[in-house]
Amino acid sequence: MKKRSKRILTGSALAGAGALALFALPAGATTSPADSTPAAPREAGAQALSQKVSVPTYFYPGATWEQLTGSGPGVGVAVANPNSGPGTHKDNRYTETIKKADAAGARVIGYVSTGYFGTSGMKTRSGFASPDAWMKQAKADVDTWYRLYGDTGLGGIFFDEGTSRCGSGNADVKRYIALRKYVEQKHGEKAVVVNNPGTGTEECYTRAADILVTFEGSDSSYRTHKPQAWEKKVSGNKIWHLVYGVPDENRMRAAMALSKKRNAGHIYVTPDNLSENNPWDSLPPKAYWKSQLSLAGGTESTSGERGRAHSGSAESRARS
């Protein structure tokens with residue numbers, strides 16, 4: 001049976017270090033024992049940021065998607081990934097699911113690999129590693145997404161395996177700026193473009209996407225993560241953090257508090273981990289999931305106290 005929705009998001013700062021190293025802790029980080037987990041910090045103004053829970057939905061349509069689409073307005077972006085990209089044929093289950101998610105207010109965007117534009121040695125499906133070959137494949141995948149699902153409510157594109165440095169003469173970032181223009185000019189200005197380097201980027205990348213995934217990693221590495229200085233200066237709608245291996249609600253509250261402090265307008269925290277090589281193939285248990293939605297929307301404080309709901313949408317487009 002063809003594998004579905006099994007693509008792992010990766011961080012470009014670790015490109016070329018080997019597949020297993022993609023999820024290594026940063027230098028100096030250690031995993032804290034579960035019984036030494038600090039209580040969620042009470043950050044001054046931490047509740048001022050209203051977030052959206054945005055999810056790499058790398059699971060086939062069914063009960064898990066139903067849980068997501070039935071969760072109300074707290075869900076922001078959902079990344080559909082039938083086969084490490086759009087595949088070659090329309091899947092009616094995805095057609096129905098994207099339509100239902102769109103009607104529920106979630107923005108479904110399609111997964112496209114960019115392979116670090118070959119800078120790490122990754123090859124396209126045709127076996128080439130040049131930037132031009134990767135650009136050709138990425139554009140073709142964008143067009144396939146819109147050919148197959150453009151009339152179902154598809155809301156944009158998620159470019160995975162992204163570079164994080166501007167490059168000599170801005171060569172690296174210009175490729176992502178070109179991809180963003182391609183999506184918007186060919187498929188509409190309202191399309192949401194997301195880049196996933198999985199790590200902090202240089203500030204030049206704010207021009208390359210509506211949303212940047214500037215952290216993707218484990219609970220322990222998130223506690224020691226240091227965002228780039230520019231991330232404090234932009235709208236939180238520009239920043240998305242993905243945190244896996246967060247085992248319980250207490251640790252989840254601590255991660256949510258950190259995400260607010262770090263200006264992440266899009267957040268996803270999950271207890272799923274790397275035991276099966278894919279922390280994005282499920283949703284958290286229902287109580288954990290509902291608490292995360294409440295914390296993101298500001299209807300519940302990270303310390304467990306009920307708070308006042310805050311207005312504002314993290315789905316609004318952030319251009320800088």
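Here are some notes:
- Qualifying residue in the range 142-153 (condition: without any contact (Cβ under 8 Å) to a residue 60 or more places away in the chain, in contact with a strand residue (DSSP E or B) (Cβ under 7 Å, 6 or more places away or on another chain) and open to solvent by 10 Å² or more (accessible area, probe 1.4 Å)): yes
- Pick from the range 72-86, criterion polar (S, T, N, Q) and over 20 Å from His241 (Cα atoms), ranking: surrounded by the fewest Cβ atoms within 10 Å (Cβ to Cβ): Asn83
- In the range 87-114, residue surrounded by the most Cβ atoms within 10 Å (Cβ to Cβ) [restricted to those that are among the charged types (D, E, K, R) and part of a loop (DSSP other than H, G, I, E, B)]: Asp91
- Residue in the range 266-285 that is touching a Pro at 6+ places or on another chain (Cβ under 8 Å), in a helix (DSSP H, G or I), of a type in the set (Gly, Ala, Ser) and over 27 Å from Ser130 (Cα atoms) present: no
- Any hit, the range 195-211, residues being more than 16 Å from the chain's Cα centre (by Cα) and open to solvent by less than 20 Å² (accessible area, probe 1.4 Å): no
- All positions within the range 241-265 that are farther than 16 Å from Val213 by Cβ and not in a helix (DSSP H, G or I): Gly245, Val246, Pro247, Asp248
- Residue match in the range 167-175 (condition: open to solvent by 10 Å² or more (accessible area, probe 1.4 Å), touching a residue at least 40 places away in the same chain (Cβ under 8 Å), of a type in the set (A, V, I, L, M, F, W, C) and on the phi < 0 side of the Ramachandran plot): no
- Unique match (being of a type in the set (Phe, Trp, Tyr), assigned to a loop (DSSP other than H, G, I, E, B) and surrounded by 17 or more Cβ atoms within 10 Å (Cβ to Cβ)) among Phe59, Phe128, Phe117: Phe59
- Residues (crowded, with 23+ Cβ neighbours inside 10 Å and of a type in the set (A, V, I, L, M, F, W, C)) located in the range 234-248: Ile239, Trp240, Leu242, Val243, Val246
- Note on the range 249-269: residues that are free of Cβ contacts under 8 Å to residues at least 60 places away in the same chain and open to solvent by 10 Å² or more (accessible area, probe 1.4 Å) total 2.
- All positions within the range 69-94 that are closer than 24 Å to Gly298 by Cα, in contact (Cβ under 8 Å) with a residue 40 or more places away in the chain and touching a helix residue (DSSP H, G or I) at 6+ places or on another chain (Cβ under 7 Å): Ser71, Gly74, Val75
The values are calculated or read from the model by the stated rules, or taken from the named source; none is laboratory data. On a predicted model such as this, the values are computed, not experimentally measured, just so you know. Because the Cβ atoms are built from the backbone with ideal geometry, glycine has one as well, and the counts that use them run over all protein chains shown. Heavy atoms of the whole protein, side chains included, go into the accessibility calculation; ligands, DNA and RNA do not. Shrake-Rupley method; radii C 1.70, N 1.55, O 1.52, S 1.80 Å.
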